[in-house]
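Quick note: the coordinates plus some simple rules give every number you see, no bench work behind them. Keep in mind that what you see is a predicted model, and the values were worked out from it rather than measured. With ideal geometry, Cβ positions are generated from the backbone for all residues, glycine too; neighbour counts draw on all protein chains shown.
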């Protein structure tokens, strides 16, 4: 019976960068995160909940698996060729604002700017005469007579 190797060939990918290395099968997810942060010069916060990037791989069935714990990493080590992709997490709110809200606001502002440029001085709104120009006297002047 063949014994299981004690090391695993691992490829880490981030954007267009690729690093090939061998890691021990006792490597933890934290070890891989630290390794990825070091190799690709990524920020490594103190809490995994604050991590601005994810580690994923494609399993034998073609599914993208997010590595979230050591047990999932151990399962990943059973792959004949393991490539772990480092992906920046998308901020859903920021993404929605940039893709939908911002273009709509920019379009509205452009339409308003076009409308204002079409206004000509001929279309001035009538002004209400000032009090000094008024032809009628104030009714309050008559109240003093009583």
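Compute the relative contact order of the stretch 7-89 as a whole-number percentage, counting only Cα pairs closer than 8 Å that sit 6 or more residues apart in sequence.
After rounding, I find 37 percent.
Please compute the volume of the convex hull spanned by the alpha-carbon atoms of the stretch 7-89 and report it per residue in Å³. Display every interim value, and only then the final one.
Numbers: hull volume 7.5 nm³, N = 83.
In the stretch 7-89, the Cα convex hull volume per residue is 90 Å³.
Listing 77, 40 from the residue with the fewest other Cβ atoms within 10 Å to the one with the most, what is the order?
Going from sparsest to densest Cβ surroundings: 40, 77.
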